[in-house]
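Please read the structure below before turning to the comments.
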Amino acid sequence: MCKEPAMPLTSPVVDSTIYLALELSRSTWLAAMRLPGATKSVLHRIAAGDTAALLAFITTQRARVEARLGASVAVVSCFEAGRDGFWLHRLLLANGVNNHVVEPTSILVNRRARRAKTDRLDAEGLLRVLAAYHRGDHQVCSVLHVPSPAEEDAKRPHREREHLVQERVRIENRIAALLATQGIQKRPSLRSWTDDLAALRTGDGRELPPHLCAELDRLRRRLVLTMELIREIEAERTTALAASPSDPTQRKMAALARIRGIGDNFAAVLTREVFYRGFGNRRQLASYVGIAPMPHQSGAMDRDRRIGRAGNPRARTTLIQLAWLWLRYQPGSGLAEWFRNRVGELAGRTRRIAIVAMARKLLVALWRYIETGVVPEGVELRG
C-alpha cells in the first residue's frame, strides 16, 4: 500500500511589523503596542503631551525586537482624529514611524446596547483595526488625508472670519433682544449711535435706564471691533490674491470668483477646504464633502437613503448655501433648469432634498471647471 508523501512542514510567516495604537485624552495617553510573534499587546500609559516618553517607549521596544529578530523592523501607528490635530502625526513621521490618522466614526463597533468602554479596550480595538488596515483591508476604517502645515495654515483666515461673523450676529441679536425688552424694535445706527440712543424711548414712554445704556454701548464697541476684524481679514485675502496670482490655489480661487454668484469668501472656502487636494472621481469628491447618498439594499429593496455626513461640515454648509444662491444668480444654467424641472412648484421637504442633489451636481461641475477649464452649461461669468 502506497503512502502519500508527507507534506513539508512550513512555519507560519511572522509579521515583523510593530503596531502601535494611541488613545489620546487631555490628561493621559495610552499606548498599545503589538510586537511580532506576541499574543498579548504591551500597554504603556504616559502623561498627555509627553512626546519624549512616547518616543523613548517606541525606541526601546523597537531595539528589543530588532535584537531578537536580527533585522530592522518598521513601526506603524495610528490614533483617532480629534482635538490634538495633526502635530503628533508629523512628529511620528519625522521619527521614522509610519502613522495614520483614523476617522473615528468609520470604525465598526459592537452594536450591543450596553458594551464595555475603557481606554484599554479602545486602544486594543484600534490596534486590531490598524493591523487589518496595514495588511490590505482598507474597508475596515477611513484614514484622513493630512494636509501639509502650509495647507493647514491657509485654512485659518476663512475659518477665523466664520467665527467672527458668528460673533457679529450674536452681538446684533443681543442688542435687538435688550431693546425688545423695552418695547423698542429698531436698533440705533452705528454711525449716529449716541444721538439715536438718547432719542429712544421705551414702550411706555420712559428714557432708557442708565445701566442698560452702558451695556448697549459696550456691545456696540464689541460689534464695531468685530466688524473691523472681518474687514481686516478680507483685505489680507485680497492682498494675498493680488501678490501671488500664479499660485495654483490662488488661480483656483480667482477662477471660482469669476462665476456670477460666487463671492470671494465662497471661493476661498471651497478652494481651501476641498479643491486644494486631488480626487480620483466624483464619488470621492462628494463623500469628502459629506453629500453622497447612502445606499440601502436588502432583498428586493434597493434605494438611496439620506446623505452621509461624515465629510467636511464647513464645506458642506457652504455648498448648500451656494446651491440656493445659484438659483438666484444663475437662473439660466443647466443646473437651475434641472432643479426647476425636478421640483416644479413643490415646496418643503421635497425642495430641501432636491437642493442637496443639486449641490452635489454643482460640486462636481465646479471641480471639473477648475481642473479642466470647462465652464458649466449656461453659467454666466463676470466680465
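The values are calculated or read from the model by the stated rules, or taken from the named source; none is laboratory data. All values reported here derive from a predicted model rather than from experimental measurement. Cβ coordinates were reconstructed from backbone atoms using ideal geometry, including for glycine residues, and neighbour counts include every protein chain displayed. In case anyone asks, the SASA skips ligands and DNA or RNA and just uses the protein heavy atoms, side chains included. Shrake-Rupley method; radii C 1.70, N 1.55, O 1.52, S 1.80 Å.
On the given criteria, is Glu337 more than 30 Å from Ala154 (Cβ to Cβ) and modelled with pLDDT of 90 or more? In short, yes. Residues in the stretch 358-375 that are open to solvent by less than 20 Å² (accessible area, probe 1.4 Å) and over 16 Å from Ala267 (Cα atoms): Met358 only.
For the stretch 142-162, a residue qualifies if it is open to solvent by 80 Å² or more (accessible area, probe 1.4 Å) and not in a helix (DSSP H, G or I), and exactly one does: His145.
Restricting Arg349, Arg305 to residues that are under 24 Å from Glu103 (Cα atoms), at pLDDT below 90 and either touching a Gly at 6+ places or on another chain (Cβ under 7 Å) or open to solvent by 40 Å² or more (accessible area, probe 1.4 Å) (or both) narrows the list to Arg305.
Residue by residue, here is whether (1) out of contact with any strand residue (DSSP E or B) (no Cβ under 8 Å at 6 or more places or on another chain); (2) open to solvent by 50 Å² or more (accessible area, probe 1.4 Å); (3) of a type in the set (A, V, I, L, M) holds:
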{"site": "Thr59", "(1), (2), (3)": "yes, yes, no"}
{"site": "Val76", "(1), (2), (3)": "no, no, yes"}
{"site": "Leu126", "(1), (2), (3)": "no, no, yes"}
{"site": "Val140", "(1), (2), (3)": "yes, no, yes"}
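Figure legend. Inter-residue proximity from the stretch 110-123: first residues within 20 Å of Ala81 (Cα to Cα), second residues open to solvent by 80 Å² or more (accessible area, probe 1.4 Å) and modelled with pLDDT under 80, beta-carbon distance below 8 Å, spacing 6+ or different chains. No pairs are indicated.
Residues are listed down the side, and each one gets a yes or a no for (1) out of contact with any Pro (no Cβ under 6 Å at 6 or more places or on another chain); (2) farther than 14 Å from Leu20 by Cα; (3) among the small types (Gly, Ala, Ser); (4) at pLDDT 95 or above:
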| residue | (1), (2), (3), (4) |
| --- | --- |
| Arg34 | yes, no, no, no |
| Lys40 | yes, no, no, no |
| Leu55 | yes, no, no, yes |
| Arg64 | yes, yes, no, no |
| Arg68 | yes, yes, no, no |
| Val73 | yes, no, no, no |
| Val76 | yes, no, no, yes |
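When the residues of the stretch 173-193 are filtered to those that are open to solvent by 50 Å² or more (accessible area, probe 1.4 Å) and in contact (Cβ under 8 Å) with a residue 24 or more places away in the chain, the one that is nearest to Leu212 (Cα to Cα) is Arg174.
Would it be correct to say that Leu93 is under 24 Å from His138 (Cα atoms) and open to solvent by 70 Å² or more (accessible area, probe 1.4 Å)?
Answer is yes for this residue.
Of the strands (runs of 3 or more DSSP E) lying entirely inside the stretch 22-131, those containing at least 1 residues that are under 30 Å from Ser287 (Cα atoms) and of a type outside the set (A, V, I, L, M, F, W, C) span 75-80, 97-102.
Against the conditions (1) farther than 30 Å from Asp153 by Cβ; (2) surrounded by 14 or more Cβ atoms within 10 Å (Cβ to Cβ); (3) out of contact with any strand residue (DSSP E or B) (no Cβ under 9 Å at 6 or more places or on another chain), Leu200 satisfies every one except (3). Filtering the stretch 34-61 to residues that are touching a Ser or Thr at 6+ places or on another chain (Cβ under 9 Å), aliphatic (A, V, I, L, M) and farther than 22 Å from Glu103 by Cβ leaves Leu35, Ile46, Ala47, Ile58. Taken over the stretch 216-255, the criterion of being hydrophobic (A, V, I, L, M, F, W, C), open to solvent by less than 40 Å² (accessible area, probe 1.4 Å) and at pLDDT 95 or above is satisfied by Leu216, Leu219, Leu223, Ile230, Ile233. Looking at the stretch 266-278, is at least one residue surrounded by fewer than 20 Cβ atoms within 10 Å (Cβ to Cβ) and modelled with pLDDT under 90? Within the stretch 266-278, one or more residues are surrounded by fewer than 20 Cβ atoms within 10 Å (Cβ to Cβ) and modelled with pLDDT under 90.
Here the stretch 163-172 is the region considered, the condition is being of a type in the set (D, E, K, R) and open to solvent by less than 60 Å² (accessible area, probe 1.4 Å), and the residue that is nearest to Arg218 (Cα to Cα) is Glu172.
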